[in-house]
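Below is one structure, written out as structure tokens; the observations come after it.
The values are calculated or read from the model by the stated rules, or taken from the named source; none is laboratory data. These figures come from a predicted structure and were not determined experimentally. Because the Cβ atoms are built from the backbone with ideal geometry, glycine has one as well, and the counts that use them run over all protein chains shown.
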Amino acid sequence: MGRTIRIFDTTLRDGEQSPGCSMNLNEKIEVAKQLEALKVDIIEAGFAIASPGDAAAIAAIADNVHDATICSLARCVEKDIDAAWNAIRRAQSARIHVFIATSPLHMQYKLQMKPEEVLESIAHNVAYAKKYCGDIEFSAEDATRTDPDFLCRAVETAIRAGATTINIPDTVGYIVPEEYAKRIAYLRAHTEGIENVILSCHMHNDLGMAVANSLAGVEAGIDQIECTINGIGERAGNASMEECVMSLKTRADHFGVACNIDTTQIYRASRMIQTITGVAVAPTKPIVGANAFAHESGIHQHGVLAHKETYEIMTPESVGIPKNAIVLGKHSGRHAFEERLRELGYSLTKEKLDKTFEKFKALADKKKVIKDRDLEALVGAVPVSGEERYTLDRFVINSGNTITSTAVIRVRKGDEICERTAASDGPINASFHAINKIVGREIELEDYSLRSMTDGEDAQAEAIVKICIDGGEQLTGRGVSTDVVEASIKAYINGINKFFIN
Ligand code: KIV
Ligand code: ZN
């Protein structure tokens, strides 16, 4: 095997920038830990100048994650670079990622700078960042719509000023694979010093070519792919990490490169991002979609039974998808429960393990058999957000198609018990109104979805709510239960609790 391609994960920066994908501090740390388990080389943990919350999350990740390089984004502006360095300075391995746009459109309309001024800004700010940190990445934003010769000058300037990684992003998802490969070849042939730096690609998926473009970049000599779990990101998203990595692994015969990713952690990472953001992947999503390894048609099933490789180019186990074994039930003890979670790749803190076990016992009273998917749902249902201000104590619903629904909701808030009643059109709406009365804030429900996590009559339902409180930022709440109303109430309370710890 020849080169090793570095995987630069930007789920916590470009991914988190996408609508409905924001995460709180504890969630970001949990994701960063999973990225470490995946063995990504670089974690772009955020954009420190964007907000004090972003900066604090980057710093916390720098303190808690040791096996990956921790990176913060910064514009070509000194105060951005100061904030980036302050956030990452305690990391064992740190990187500042400096960017400025180089396309005529961006320079004229967004930056209102002349090309010469952009070059000066690159020279000044890359050198400024270099005083803090040896590992500097420079990105020429909108590089794929930049004049090729100007791109070479911009990159040369960054290299001269001390950049060690050069990123050529397709910011608007515009380029096609062959064209990108040619652009990289041109850059390599016409840029002084380029042989001394790592070249990187960063693709957006507006035309559905982010992964193909990344792979074309690898073939053209790029050594780093920037990507996100589940492909989340601005607009149509970024290149999906799992698709890039599994392409390199499955077609190693073609690409002839290696990467450090532990692919058996992919499925967990994907589930974690879906759980935290409430953004589910499509069933047909490659690698991690529900149908990615399902064989429906008779011909396919027959083929797979006779010999797996007839229709399977990679195995579900290789990406960490648990075999759907029936494992636990009412009589299973803590030991068996812990053992199965370990087999599924979870290593939970004692506190989370205790809470999950409690939920497992409650579920086992309702369901005869607990499958792996149930366990996954339970783990995801335990909030990572630290202390919960409100917990559901009990609810009573009166509903029907000819009456106005009423809900009585009782919650605990520390040692206090609060109960309120509300009436509305439907049991879920009535429940949410009753909770609003308890919380006493302006709560706007922006989105609500419900789906079945497991199969059968006693399936667990997952409710996702997106709410805004007092006009603040959108919060995602998630609740799981065999009862859809209970799942919805829990999701609503979960979202509200995030408001109070943020
Ligand atoms: O898409 C883009 O150009 C970016 C840069 C900041 C790398 O996200
Ligand atoms: Zn981007």
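Of everything in segment 442-482 that is of a type in the set (Ser, Thr, Tyr) and modelled with pLDDT of 90 or more, the residue that is surrounded by the fewest Cβ atoms within 10 Å (Cβ to Cβ) is Ser449. If the condition is being assigned to a strand (DSSP E or B) and of a type in the set (Lys, Arg), then segment 37-75 contributes only Arg75. Taken across segment 155-168, residues that are among the β-branched types (Val, Ile, Thr), farther than 18 Å from Ile49 by Cα and part of a loop (DSSP other than H, G, I, E, B) do occur, with at least one present. Residue pairs whose Cβ atoms lie under 8 Å apart, sitting 6 or more positions apart in sequence or on different chains, and linking a residue in segment 109-135 that is without any contact (Cβ under 8 Å) to a residue 60 or more places away in the chain to a partner that is of a type in the set (Lys, Arg), are Leu119/Arg153; Ala123/Arg160; Tyr132/Arg89; Cys133/Arg95.
Against the test of being within 12 Å of ligand 1 (Cβ to nearest atom) and crowded, with 22+ Cβ neighbours inside 10 Å, the options Asn230, Asn167 yield a single qualifying residue, Asn167.
Taking the criterion of being within 16 Å of ligand 2 (Cβ to nearest atom), within 13 Å of Phe99 (Cα to Cα) and among the hydroxyl-bearing types (Ser, Thr, Tyr), the only residue of segment 119-160 that qualifies is Ser139. Filtered by the rule that a residue be within 11 Å of Ile5 (Cβ to Cβ) and either more than 15 Å from ligand 2 (Cβ to nearest atom) or free of Cβ contacts under 8 Å to residues at least 60 places away in the same chain (or both), segment 222-246 gives Ile222, Asp223, Val245. Only residues in segment 195-217 that are within 17 Å of Val245 (Cα to Cα) count as the first member; pair them with residues that are away from ligand 1 (no atom under 16 Å from the Cβ), Cβ under 6 angstrom, at least 6 apart or cross-chain, and list the lot. Hits for this filter: Val211/Glu243; Ala212/Pro177; Asn213/Pro177; Leu215/Ser247; Ala216/Pro177; Ala216/Ala181.
State all residues of segment 187-205 that are of a type outside the set (Val, Ile, Thr) and in contact with a strand residue (DSSP E or B) (Cβ under 9 Å, 6 or more places away or on another chain); if no residue qualifies, say none.
Result: Leu187, Arg188, Leu199, Ser200, Cys201, His202, Met203, His204, Asn205.
Screening segment 234-287 for residues that are within 16 Å of ligand 1 (Cβ to nearest atom) and closer than 16 Å to Asn213 by Cα and picking the one that is surrounded by the fewest Cβ atoms within 10 Å (Cβ to Cβ) gives Ala236.
For the condition of a type in the set (Phe, Trp, Tyr), in a helix (DSSP H, G or I), within 16 Å of ligand 2 (Cβ to nearest atom) and under 25 Å from Gly15 (Cα atoms), Tyr174 does not qualify. Across segment 1-48, the qualifying residues are those that are in contact (Cβ under 8 Å) with a residue 40 or more places away in the chain, closer than 21 Å to Gly345 by Cβ and within 16 Å of ligand 1 (Cβ to nearest atom), and the one among them that is surrounded by the fewest Cβ atoms within 10 Å (Cβ to Cβ) is Ile7.
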